Every structure is written in C-alpha cells, then in structure tokens.
Amino acid sequence: MNVIAIYTDPYKFNTALEIATVVAGWTGGVGVPIVHTLIMMAWAMAESLFDVYLLLKGESIPIFKTRNTWITDIKGLSTTITNEIIDKAKEKAKNVTQDVIDYTESTVEDFLEKASTTVADYIDSKVDLLVDKAFASIENPLKEVVYSAEELFDDLEASLNVEVEGEIGDIMNQISSEIQTLLLVEMEIVENSTVGSYVPITIQGVDYTDFLEVYKDRNLKEAIEELTVILAEGKELLGYNVDETSKKVNSMIFNTIQEAKKKVKYNIKSSIMDYKDNLVNKFKETLKDVANKGKEEVNKFIDSIGNTSDSDVMKTNLRGSFLSMKYTDYLRLFLLFANKDVKMKRIADLIQVNMRSISGNKTFKLSEFSTYMRIESSISIKYLFATKPFIPKEFRTEDGKRIKFDVILYKGY
C-alpha cells in the first residue's frame, strides 16, 4: 500500500525522480528508471518499518496514506533507526492519525477536519498530475503520442469525478473548469518562454552553466527539441565529448522542466485557492449532515468522490485515506484470507503462549497434552406423522406430547 501511495502521489513520484536523475544522470538517462524504482521501493520499505513498529505499539495507521499522513522523509532513508528517530516518528504519527476516521472509536467531529484536509490534498495531487501530463510533449518531443488539451480535459473530468448532488458537485465542476482555463494559459506561457526563464536556485545534478549561457535566450520548447535530437544522434557540443555533453544537456533539460513545472503548479494552486477553501467548507458541512444518517451513507458519499473506472488516471483513494486501523484490525483482515488449517494452528500457538505465561512453565508444549470436551444436550421434537404408538415411553416427555432425547458426547484432540 505504501508503494502504491508513492506511485499515485505526483509529489513523491517526482521527488524520487529528481534524486534518481542526480544519481544516475551520468548514464545518459538509461539507468534513471531503474534507480527511480529502487528509491521508491526503499522509501516505501522505510515507511512500512515505522508503520509496523507503531502498530505493535497500539497506534492506528491509515490504510492508504496521503502527504498529510506520510511519516518518513526521503532524505532520511539512509539514517540509522535510533530511539530518538522512532520517538519523533511516533509523535508525528500520533499527530497525523488522531483525527483520521476510525469507525470503531471516533465520532463525526473527530474526523471532519482531517477529511477536509485530505480533500484539499486530493485536489492538489490532481493539479500536480495534470501539469505533469501537460509537459509530456515538451519533455518527450520525439515521442509520437502526446497529450492534447482535449485529452487533458478528459483526464481532469475523470480524476475529479463526483456523483454527489448539490453544491459539492457544482464546486468541483467550477474547479475543473478553472483549472482547464489556467492550464492552457500557463502552458502557453511556458512554450513561449526562454530556457533562461526557469533556472532553479539549486541545480540538481551536473553543473550546466556554460550550456545555459548559450541557450538561455532560446525558446524553451524548441531548444529542448533540438537538444533531444542532438542526444539521440550522439553529437558533441561546446568542446565536450559525447558522454560529458549528454550529462550537461540532460541536467539542463531536467532542471529547466522541473522549475517550469514547479511554477505552473504554484500558479494554478494559488489561483484556485478560494474555490478549494469553498469546497473544503462545503464538504465539511455535507459530510456532517450525511454522517448523521449513518456509516453506510458516509461510505457512499466518500466513494462518489474521485473513484472512476478510468485506468489511465492515477487516483488518490479517499476512502482508504480516511479509514485508519490498528494491529488487531489488520490481523482480522489477514485472517479473512487464511485457510482453516492456518487459523487452527495460530489458535494453538496462542494457547501455548498463554499456557506458558499463566503456568510459568516455559517448556510447555501443546502437542504433549490432550484436551477433551464433554457435551451434554437434551432436546425434544413433536411426533412425526403417526409415530406415537411406536415410541417407547422412556423417550416421551412427561405430558406425552413430544419425543425427547438426552445425548452425551465426548470430543478430544
């Protein structure tokens, strides 16, 4: 689940990509996908280690995490896990999970604020994803399949799908329309900008200052297309050999694109801030009204937001983000998938552990002991058809109207 959370969160996905590009950029981009995948897997594993630790301490962990409930920082993956780090992680986990929906313990008021924050984060994630897709034609100019504005709008409509009636749906439609307009404007600005318009404060990877000096006044889209062709043909530039040229050009393209994306995302999110605040407030009101009708209605409401059948759109699982479970809850979930023999053996293990604890005998083995049960039952039934004359008196009830049976059964293992 943590791996899925990373893959479906554009921020985490791109953060891991930035590090992979710095680490494996010297390969000319060939090794970046491999390193990118390894970084995401390692990050998910680190998060899972903390999750298990916290679960065993009795804490609750969301089934599906958002940025607000994610514990670990990718920069700390190589840090040794000490008590100090564990304590900090535990404290953060408490802060981010205390308001998450827990149907077994929490009330509506406890999770309203958290649910609203998750919805706001959900909208931001969709903006990130759509901007990333919009840049596909700039990042991959030699690729045949690119996203048109119409296709982007189809993706947006699918990712912000909402079936609830009333003001929530209207606001979502307003946000969708506003993002569509802003995205066209922002992408037009980017495509008409120069390479020098997007220079990050800190360069990730190889220093490309000398290449920037040559290309800074060139149109961004045209320059990237030209440089991509040069890389594909294995040419040399500015007196550097093919390998050095590849490193510097890749670094310039990557940093320029990332900085441009960052600005576009910021501009769009800033412009829709009022819409988003309005949505969050209306969501809280609606969710509170729905919750008063019961858990089933809450489930339907949450399911209606952001869940579509469009497999091409990465979606944040809102319902999974709201639902938080403890160790015992996860254990029950796992037991549903276990067969009868596995369950019986686990029960036997628990009996053995408890017997050792209660008796003080640390060598107690369940396999060396037998258990028997005596079951005694008394039942009676009405006569079937004309059977009364054939039933012995000892098998009749005192009033003579029914047949009675006394059964004693012994079972052991």
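Readers should treat all values here as calculations from the given coordinates under stated rules, not as data from a laboratory. Note that the coordinates shown come from a computational prediction; the quantities given were computed from them, not determined experimentally. Here the Cβ is made from the backbone with ideal geometry for all residues, glycine too, and neighbour counts use every protein chain on show.
What to note about this one:
- Among Ile253, Ile381, a tally of other beta-carbon atoms within 10 Å of each Cβ gives an order, fewest to most, of Ile381, Ile253.
- Burial ranking of peptide ranges 339-349, 181-191 (average Cβ count within 10 Å, highest at the top): 181-191, 339-349
- Exceeding the 20 Å Cα-Cα cut-off - candidates Lys65/Lys126; Lys12/Lys284; Lys276/Lys326; Lys126/Lys276; Lys65/Lys262; Lys12/Lys265: Lys12/Lys284; Lys276/Lys326; Lys65/Lys262
- Likely footprinting exposure, Ile230, Ile6, fewest C-beta neighbours within 10 Å first: Ile230, Ile6
- Among Ser60, Ser197, sorting on how many other beta-carbon atoms sit within 10 Å of each Cβ, with the fewest leading, yields Ser197, Ser60.
- One Cα centroid belongs to region 364-404, the other to region 187-211; the line between them spans 88 Å.
- Stretching the chain fully between Asp217 and Ile230 yields a gain of 2.8 nm (0.36 nm per residue, less the alpha carbon separation).
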